[in-house]
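Enquirer: Below is a structure I'd like to ask you about.
The values are calculated or read from the model by the stated rules, or taken from the named source; none is laboratory data. For clarity, every value in this text was computed on a predicted model and none was experimentally measured. Please note: Cβ atoms are built from the backbone with ideal geometry, for glycine as well, and neighbour counts cover all protein chains shown.
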Amino acid sequence: MKNERAYLEVYDKEPDAFNALRQGEVEVVVYDAPNLLYYANNEGKGLVSLVGKIFEPQDCVLAFPGAVLCAKRSIAPYSGWRKPVNWTHQGKLVRR
């Protein structure tokens with residue numbers, strides 16, 4: 001972003017960045033894809049759009065109550081969270 005000659009405003013809290021976007025104080029929010037997807041499909045629905053590609057793909061680990069990790073390091077098939085998390089991670093909207 002330094003090469004783009006963009007002014008960078010850093011926020012300590014995620015909601016502050018989204019408020020600044022809604023109020024027109026900033027033109028864009030760069031953040032983790034799952035958080036942006038959630039915001040764009042909930043509080044920001046109809047107000048914001050996600051564009052571009054992920055800057056730097058990263059692995060993440062999530063722990064759920066009652067879930068058991070399999071040998072392949074995935075959530076056990078009987079966890080009710082497996083499908084929603086996988087779909088959300090792939091950038092698809094999940095409705096329960």
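Enquirer: Among the residues of region 15-35, count how many are within 19 Å of residue 51 (Cβ to Cβ), modelled with pLDDT of 90 or more and not in a loop (DSSP other than H, G, I, E, B).
Expert: Qualifying residue count, region 15-35: 5.
Enquirer: Of everything in region 15-30, what is under 15 Å from the mean Cα position of the chain (by Cα), touching a residue at least 12 places away in the same chain (Cβ under 8 Å) and within 12 Å of residue 44 (Cβ to Cβ)? Give them in sequence order.
Expert: 17, 18, 29
Enquirer: I've got another one for you. Can you go through 38, 7 and tell me which one is in a helix (DSSP H, G or I), aromatic (Phe, Trp, Tyr) and either surrounded by 11 or more Cβ atoms within 10 Å (Cβ to Cβ) or modelled with pLDDT under 85 (or both)?
Expert: None of the others qualify; the one that does is 38.
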